[in-house]
Amino acid sequence: MVCLGNICRSPLAEGILKSKVDPAKVQVDSAGTGGWHVGELPDSRSIEVAQKYGIDITDQRGRKFSAYDFEQYDYIYVMDNSNYQDVIKLANSSSEIAKVKLILDEVFPDENVDVPDPYYGGTLGFENVFKLLDDACEKIAHKL
Ligand code: 4NP
């Protein structure tokens with residue numbers, strides 16, 4: 001799960017997908033394309049909305065996406081088109097590029113929909129992001 005800062009959207013996506021899969025079978029992690037928040041806890045508004053729905057994301061710490069992630073993971077879900085461009089710049093082959101998917105394609109196929117960045121907004125934005133990601137992760141969990 002990849003976003004820009006790895007403090008708002010992708011930590012929620014990580015926590016939500018983890019809550020829907022068997023951890024013995026599926027490894028889920030998140031990262032940001034930017035490094036400003038490496039080592040930090042998720043944004044308090046993401047922590048709060050996750051907690052509201054029974055998911056604890058306070059064990060997560062920000063980290064930066066790296067080319068090594070292409071070797072580690074079968075699927076790389078990005079939150080928006082800008083993340084997509086930043087991630088594929090680090091790919092070394094067409095098979096690595098093929099691993100990268102816009103997460104809301106799971107819910108709105110071929111519509112090219114971004115998960116809106118809630119960082120500069122209020123808590124309603126985080127609630128909206130949670131619901132979008134919950135729908136997407138439900139689909140992903142079924143596929144996996
Ligand atoms: P995220 O949101 O990509 O969903 O984690 C952001 C968090 C921090 C920044 C940008 C987006 N930032 O510029 O620090």
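For the chain, the number of Lys pairs separated by eight or more positions or lying on different chains, with C-alpha atoms closer than 17 Å, is 19. Only Cα sites of the range 52-137 enter the Debye sum here, all with the same form factor; the resulting log10 I(q)/I(0) across q = 0.11, 0.15 1/Å is -0.35, -0.66, listed in q order. With a 1.4 Å probe and all protein chains left in place, how much of the accessible area of the range 2-137 comes from carbon and sulfur atoms, in whole percent? That fraction is 50 percent.
For the range 68-122 versus the range 8-50, the spacing of their alpha-carbon centroids is 15 Å. The charge dipole of the chain, taken about its Cα centre with unit charges on the Cβ atoms of Lys, Arg (+1), Asp and Glu (-1) only, comes to about 220 debye. What's the local net charge at residue 96, with K and R +1, D and E -1, over the other residues with C-beta under 15 Å away? It works out to a net charge of -1. Percent of Cα pairs in the chain per distance bin of 10 Å, from zero to the largest separation: 12, 46, 36, 5, 0.
Give me the 1.4 Å probe accessible area per residue for the chain, excluding ligands and nucleic acids, in Å².
Dividing the accessible area of the chain by its residue count gives 52 Å².
Distances between placed amide hydrogens fall under 5 Å for residue 77 paired with 2, 101, all partners being 5 or more residues away or on another chain.
With the simple model of a label 7 Å out from the Cα in the direction of the Cβ, residue 74 to residue 107 spans 2.4 nm.
With a simple spin-label model that places each label point 7 Å from the Cα along the Cα-to-Cβ direction, the separation between residue 22 and residue 61 comes to 3.1 nm. Across the alpha-carbon set of the range 1-79, the Rg to Rh ratio works out to 0.95, Rh being the Kirkwood radius. Extension gain for residue 85-residue 143 works out to 18.4 nm (0.36 nm per residue, less the C-alpha to C-alpha distance).
The values are calculated or read from the model by the stated rules, or taken from the named source; none is laboratory data. Given the structure is predicted, the values throughout are model-derived calculations rather than measurements. Glycine also receives a Cβ, built like all others from the backbone with ideal geometry; neighbour counts cover every protein chain displayed. These area figures cover heavy atoms from the full protein model, side chains too; ligands, DNA and RNA do not enter into them. Shrake-Rupley method; radii C 1.70, N 1.55, O 1.52, S 1.80 Å.
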